[in-house]
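Here is the structure we will look at, set down as structure tokens.
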Amino acid sequence: MSFQAVVFYVLSLILIVAAFRVVTAKNPVHAALYLVLAFFTASGHWLLLQAEFLAIALVLVYVGAVMVLFLFVVMMLDINIEKLREGFWQNFPLAGTVALVMVAEMVLILSSPEANLAGFKAGAAVAADASNVRELGRQLYTVYLLPFEAAAVVLLVAMVAAIGITMRKRADSKYINPAEQVRVRRNDRVRVVQVQAVKPEADTASDTNEQQA
Amino acid sequence: MELLQNLLGTEAGLAVWTLLKILAIVAPLMIGVAYLTLAERKVIGYMQIRIGPNRVGPKGLLQPLADGVKLLMKEIILPTKSSKGLFLVAPVLSIMPALAAWAVIPFTDTMVLANIDASLLFIMAITSMGVYGVIVAGWAGNSKYSFLGALRSSAQIVSYEISMGFALVGVLMVSGSLNLVDIVNQQGHGIGGGSALSWNWLPLFPLFLVYLISGVAETNRAPFDVAEGESEIVAGFHVEYSGMAFAVFFLAEYANMILVSALTAIMFMGGWLSPFPASWGALGASGVIWLLVKISLVLFLFLWFRATFPRYRYDQIMRLGWKIFIPVSLVWVLVVGAWMMSPLSLWN
């Protein structure tokens with residue numbers, strides 16, 4: 001077995017275990033961390049396919065940003081996993097049937113002669129100085145320019161929508177404009193009051209005397 | 001290397017040779033980390049008109065060793081009801097990216113462990129994983145202080161990574177490459193004839209500032225150290241850690257500082273290139289010594305910031321990251337793009 005094959009099987013084993021634990025882990029934070037492991041291992045697979053840009057982008061985007069936000073939310077939620085699992089065995093027959101149908105479909109598609117899986121060659125050996133990123137950029141910005149731009153517009157719409165949903169003026173917001181804070185001078189906040197130093201009046205002195213007596 | 005390959009066979013020889021090279025990078029790095037802690041205490045001491053540590057060894061030079069031995073001797077306490085496995089994995093998660101990123105850092109144009117094509121992307125991906133150490137540590141300790149630290153840290157790192165990424169987009173636009181060696185070599189020619197004037201910091205000055213400040217924020221250093229915030233949340237994410245587990249977080253923080261300084265030196269300050277024109281003979285010759293000088297300079301800035309600025313408030317940090325740095329870097333990326341297309345371009 002070649003070195004690449006050993007790496008492939010080790011990564012695959014880790015990937016399958018991690019993916020399985022994402023579903024079965026009792027604690028949602030553990031599940032999210034297993035998902036991080038699964039992403040990281042999958043990027044290892046892409047490296048084996050010599051797709052280093054995709055592999056690094058997967059780690060950068062999903063592991064480095066998306067999953068951090070995911071964890072951020074999951075850590076703050078109080079999820080009762082027992083309650084979520086209550087109806088598990090009731091729904092199991094339906095879910096199992098759906099899963100079986102999906103597996104059967106995949107097997108049928110992939111094993112059909114039309115899919116021609118055997119016809120796919122392993123990635124042709126690239127020249128040592130060929131730049132994966134340069135090649136990808138060239139393809140994206142020439143051949144696939146239109147779909148690429150369309151995808152960008154779709155993402156922009158999603159982003160605007162997400163911001164639009166959360167952006168509303170809250171009455172109880174205590175936000176202060178930092179520019180105003182910086183501009184504050186002493187006279188805006190502090191008022192110096194001259195208080196005359198005076199002797200206590202005669203009648204108050206007699207009051208205290210009476211209380212003592 | 002050939003000797004090793006003759007002794008052990010081609011593949012094993014290569015593996016041993018690579019291991020030796022890794023050792024040659026990590027050992028000086030660890031010594032650098034140890035003495036950076038001493039330098040920090042000394043520099044801040046003098047800035048505050050104190051002497052700093054001066055008891056252990058001549059002029060306090062053995063202080064880092066004493067600190068290390070003390071931490072090694074201490075017990076690692078596992079809090080009850082903590083998530084034990086994750087609690088122990090968290091320090092490893094935080095130091096791993098700080099060390100792994102050094103694999104692609106070039107010291108001169110030939111002295112580099114792995115001269116890969118997408119090394120800039122690799123650095124960004126690996127350093128973006130450092131936050132998991134902080135988040136996992138904060139969550140696994142089952143303490144409210146450390147949890148608050150973890151939440152602050154994740155919000156901060158996600159915000160500043162974007163502006164940092166955009167600053168690097170500017171660099172890769174002008175150098176036309178993701179390879180760190182090419183990025184430095186590109187800075188070697190230009191109007192300044194390869195001197196300090198032709199490096200990236202001048203034409204990309206706004207991006208340079210954004211990168212430097214985001215770098216301070218990414219490493220959770222003062223004035224962006226809300227994740228630790230000792231006056232508010234005791235010690236933030238590592239409040240439950242003791243002994244060597246705490247020391248590993250400490251090592252990771254300082255290793256990250258050195259890493260960010262090295263990256264700043266490579267991306268914007270010409271890496272191993274000399275600040276003088278090449279015609280100046282020995283002074284103009286490039287070499288690893290220049291890189292070390294530049295790294296030390298940026299590290300000194302880190303310490304200087306800590307002695308100078310009070311800690312930012314959380315909402316001020318978010319505002320600075322999202323409302324100032326991201327627009328500034330986006331606009332400058334646009335300016336650089338237009339500049340490169342214009343006849344005035346410096347980068348042909």
Next item on the list: Taking the Cα centre of the protein assembly as shown as origin, work out the dipole magnitude from +1 charges on Lys and Arg Cβ and -1 charges on Asp and Glu Cβ, in debye rounded to 20.
Entry: 1020
Next item on the list: Hand me the tally of lysine pairs in chain B: alpha carbons under 24 angstrom apart, and the pair either on different chains or 8 or more positions apart.
Entry: 10
Next item on the list: Give the cross-link partners of A:Lys174 among the aspartates and glutamates, using a straight C-alpha distance below 14 Å as the criterion and excluding same-chain residues fewer than 8 apart.
Entry: B:Asp315
Next item on the list: Could you work out the mean count of beta carbons from other protein chains within 10 Å of each residue's beta carbon in A:47-59?
Entry: 3
Check: In whole Å and largest first, what semi-axes does the C-alpha gyration tensor of the stretch B:30-72 yield when each eigenvalue is scaled by 5 and square-rooted?
Finding: 18, 12, 8
Next item on the list: Take peptides A:89-96, B:196-203 and line them up by average Cβ neighbours within 10 Å, highest first, as a rough protection proxy.
Entry: B:196-203, A:89-96
Next item on the list: Rank-order B:280-289, B:327-336, A:59-68 by packing density, defined as the average count of other C-beta atoms within 10 Å over each peptide's residues, highest first.
Entry: A:59-68, B:327-336, B:280-289
Notebook entry, point to check: How big is the Kirkwood radius of the stretch B:22-167, worked out from every pair of different alpha carbons and given in Å to one decimal?
Noted result: 18.2
Check: In degrees between 0 and 90, to the nearest 10, how far off the longest principal axis of chain B does helix B:130-140 point, with axes built from Cα atoms?
Finding: 10
Check: What is the helix-to-structure angle for B:205-218, meaning the angle in degrees between its Cα long axis and the longest Cα principal axis of chain B, kept from 0 to 90 and rounded to the nearest 10?
Finding: 20
Margin query: Spelling out what I want: for every residue of the stretch B:40-55, take phi, set θ = phi - 60°, compute 6.51 cos²θ - 1.76 cosθ + 1.60 (Karplus), and round to whole Hz; glycine and proline get x.
Written below: 4, 5, 5, 4, 5, x, 5, 5, 9, 6, 10, 9, x, x, 9, 9
Next item on the list: Can you tell me the 0 to 90 degree angle between the C-alpha axis of helix A:28-48 and the longest principal axis of chain A, rounded to 10?
Entry: 40
Checklist line | Size of electric dipole in chain B: Cβ of Lys, Arg +1 and of Asp, Glu -1, about Cα centre, debye, nearest 20 | finding: 980
Notebook entry, point to check: What is the average number of partner chain Cβ atoms found within 10 Å of a Cβ in B:168-178?
Noted result: 1
Next item on the list: Let me know the mean shielding of A:63-71 by other chains, meaning the per-residue number of their Cβ atoms within 10 Å of its Cβ.
Entry: 6
Notebook entry, point to check: In deg cm²/dmol and to the nearest 500, what is the mean residue ellipticity at 222 nm of the protein assembly as shown if only DSSP H runs of at least 4 residues count, each as -39500 (n - 2.57), divided by the residue total?
Noted result: -21000 deg cm²/dmol
Check: Mind checking which aspartates and glutamates have their C-alpha under 16 Å from A:Lys26, skipping anything on the same chain fewer than 8 residues away?
Finding: A:Asp78, A:Glu82, A:Glu86
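Coordinate-derived values only; no laboratory data. Quantities reported herein were computed from a predicted structural model and do not represent experimental measurements. Neighbour counts run over all protein chains shown; Cβ positions are idealised from the backbone, glycine included.
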